[in-house]
Amino acid sequence: MSTLRVALVQVGYGDEESVADRVERVSGLVREVVAEHPGLDLVVLPELWAPTGFDYSNWERDAEPIDGPWASAMAALAAEVGVTLHAGSFVERLPEAGAEAKSLANTSLVVGADGSVLATYRKIHRFGFGSGEPVLMEAGRGRVVLPLRLRDGSVVKVALATCYDLRFPELFRLLLDDGAEVFVVPAAWPAPRVGHWTLLGQARAIENQCVMLQCNTAGTHGGTVMGGHSQAVAANGEVLGVLAHGDEGVLVVEVDLDATASWREAFPVLADRRL
């Protein structure tokens, strides 16, 4: 049986904590998680946990290049603990302005157990309705499906998305067509809409017959209370685990990857697609 063993680290914090202090603290938390749960294939952190998800005013100040201090610290951490790390996302300072003449992006980073960069993904759908991301950040233009080698030697195709992307089912359908078996979605999803967060994650899993891994933040960012409720959902929609609160915590789950193929064969709904 091919199994993906993953830890979703629901980081909680407030605006009073500096970026440097938060990076140090979260790095320690990852070390503890890996020590307490040997044999992990993947550790996932939330969206924008270092520069905060909603304190837009500091994004320009806290932006870094793709090879800057934050990315270097995450690569070193992954190599130290010997596990593949989806480090969540950070505010990337682009090497040059993009098509909309913006110089920032919301960029996710995945680093291997040897510290090498395995994948980057720039968030395609920007949240803010005329403020925040749409004003300050370039939209990503590329989909990412990463062949992730597990400790048992098997390979699973992991697709990357971020937070608000979850509301756009066409992206996940395209990722399915790219070969996705698992979706990983870090987020900074607010508490007032946390019901949408859990429901949409389950819907994306069910309609695409893919595993869904969602890692949210906790605490309060820029005056916005975050929703927590990180969860793992099987390809048949079964909730494999959830942090049913908005506080900091860690969810460790073992995902039977063979069950995804079995479910697709037993209930071949994808074969009936017309569009």
Considering each residue of the stretch 124-162, count those that are over 20 Å from Val111 (Cβ atoms) and of a type in the set (A, V, I, L, M, F, W, C), and give that number. 7
Looking at (1) touching a helix residue (DSSP H, G or I) at 6+ places or on another chain (Cβ under 6 Å); (2) in a strand (DSSP E or B); (3) surrounded by fewer than 18 Cβ atoms within 10 Å (Cβ to Cβ), which one does Lys157 not meet, given that it meets all the others? (1)
Across (1) in contact with a helix residue (DSSP H, G or I) (Cβ under 8 Å, 6 or more places away or on another chain); (2) of a type in the set (S, T, N, Q); (3) in contact (Cβ under 8 Å) with a residue 60 or more places away in the chain, Asn236 clears everything bar (3)
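From the list Leu174, Leu166, Leu213, Leu200, which one is under 20 Å from Pro147 (Cβ atoms), among the hydrophobic types (A, V, I, L, M, F, W, C), part of a helix (DSSP H, G or I) and in contact (Cβ under 8 Å) with a residue 24 or more places away in the chain? Walk me through it before giving the result.
Numbers: Leu166 fails: under 20 Å from Pro147 (Cβ atoms); Leu213 fails: part of a helix (DSSP H, G or I); Leu200 fails: under 20 Å from Pro147 (Cβ atoms).
That would be Leu174, the only listed residue that is under 20 Å from Pro147 (Cβ atoms), among the hydrophobic types (A, V, I, L, M, F, W, C), part of a helix (DSSP H, G or I) and in contact (Cβ under 8 Å) with a residue 24 or more places away in the chain.
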Residue match in the stretch 20-27 (condition: over 27 Å from Arg151 (Cα atoms) and among the hydroxyl-bearing types (Ser, Thr, Tyr)): no
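Considering only helices (runs of 4 or more DSSP H) fully contained in the stretch 7-90, which possess at least 2 residues that are among the aliphatic types (A, V, I, L, M) and either in contact with an Asp or Glu (Cβ under 9 Å, 6 or more places away or on another chain) or surrounded by 17 or more Cβ atoms within 10 Å (Cβ to Cβ) (or both)?
Working: elements: 19-36, 59-62, 69-81.
In the stretch 7-90, 19-36, 69-81 are the helices (runs of 4 or more DSSP H) which contain 2 or more residues that are among the aliphatic types (A, V, I, L, M) and either in contact with an Asp or Glu (Cβ under 9 Å, 6 or more places away or on another chain) or surrounded by 17 or more Cβ atoms within 10 Å (Cβ to Cβ) (or both).
The rows are residues; the columns are (1) under 26 Å from Glu16 (Cβ atoms); (2) modelled with pLDDT under 95.
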| position | (1), (2) |
| --- | --- |
| Leu166 | no, no |
| Asp178 | no, no |
| Pro186 | yes, no |
| Arg204 | no, no |
| Gln209 | no, no |
| Met212 | no, no |
| Asn216 | yes, no |
| Gly219 | yes, no |
| Gly222 | yes, yes |
Checked the stretch 219-275 for anything surrounded by 16 or more Cβ atoms within 10 Å (Cβ to Cβ) and over 30 Å from Ser154 (Cα atoms); matches are Gly219, Thr220, His221, Thr224, Met226, Gly227, Gly228, Gly246, Glu248
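Go through the stretch 248-266 and give me each residue that's charged (D, E, K, R) and in contact with a Gly (Cβ under 6 Å, 6 or more places away or on another chain). Don't jump to the end; show me each part of the working.
Within the stretch 248-266, the first condition is being charged (D, E, K, R), and the residues that meet it are 248, 254, 256, 258, 264-265.
The one that is charged (D, E, K, R) and in contact with a Gly (Cβ under 6 Å, 6 or more places away or on another chain): Glu248.
Just checking, does the stretch 121-132 include any residue being of a type in the set (S, T, N, Q), at pLDDT 95 or above and out of contact with any strand residue (DSSP E or B) (no Cβ under 7 Å at 6 or more places or on another chain)? Spell out the reasoning first.
Initial filter on the stretch 121-132 (of a type in the set (S, T, N, Q)): 131.
Next, only the ones that are at pLDDT 95 or above stay: none.
Looking for residues that are of a type in the set (S, T, N, Q), at pLDDT 95 or above and out of contact with any strand residue (DSSP E or B) (no Cβ under 7 Å at 6 or more places or on another chain), one finds none in the stretch 121-132, hence no.
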Filtered residues of the stretch 104-134 (kept if at negative phi, out of contact with any Pro (no Cβ under 7 Å at 6 or more places or on another chain), outside any strand (DSSP E or B) and touching a residue at least 24 places away in the same chain (Cβ under 8 Å)): Gly112, Ala113, Asp114, Ser116, Lys123, Ile124, His125, Phe127, Ser131, Glu133
Looking at Ala244, Ala180 in this structure, which one is out of contact with any strand residue (DSSP E or B) (no Cβ under 6 Å at 6 or more places or on another chain) and either at positive phi or not aromatic (Phe, Trp, Tyr) (or both)? Ala244
If Gly237 passes every condition in (1) modelled with pLDDT of 95 or more; (2) on the phi < 0 side of the Ramachandran plot but one, which one does it miss? (2)
Hey, can you tell me all the residues within the stretch 177-197 that are more than 22 Å from Leu270 (Cα to Cα), without any contact (Cβ under 8 Å) to a residue 60 or more places away in the chain and part of a loop (DSSP other than H, G, I, E, B)? Trp189
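From Gly201, Gly195, Gly222, Gly227, which residue is over 18 Å from Leu118 (Cα atoms), among the small types (Gly, Ala, Ser) and in contact with a Ser or Thr (Cβ under 7 Å, 6 or more places away or on another chain)?
Numbers: Gly201 fails: in contact with a Ser or Thr (Cβ under 7 Å, 6 or more places away or on another chain); Gly195 fails: in contact with a Ser or Thr (Cβ under 7 Å, 6 or more places away or on another chain); Gly227 fails: in contact with a Ser or Thr (Cβ under 7 Å, 6 or more places away or on another chain).
It is Gly222.
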The condition from (1) acidic (Asp, Glu); (2) modelled with pLDDT under 95; (3) within 19 Å of the chain's Cα centre (by Cα) that Asp152 misses is numbered (3)
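The values are calculated or read from the model by the stated rules, or taken from the named source; none is laboratory data. What you see is a predicted model; the values in this text were computed from it and never measured. Here Cβ is always computed from backbone atoms with ideal geometry, including for glycine, and neighbour counts include all displayed protein chains.
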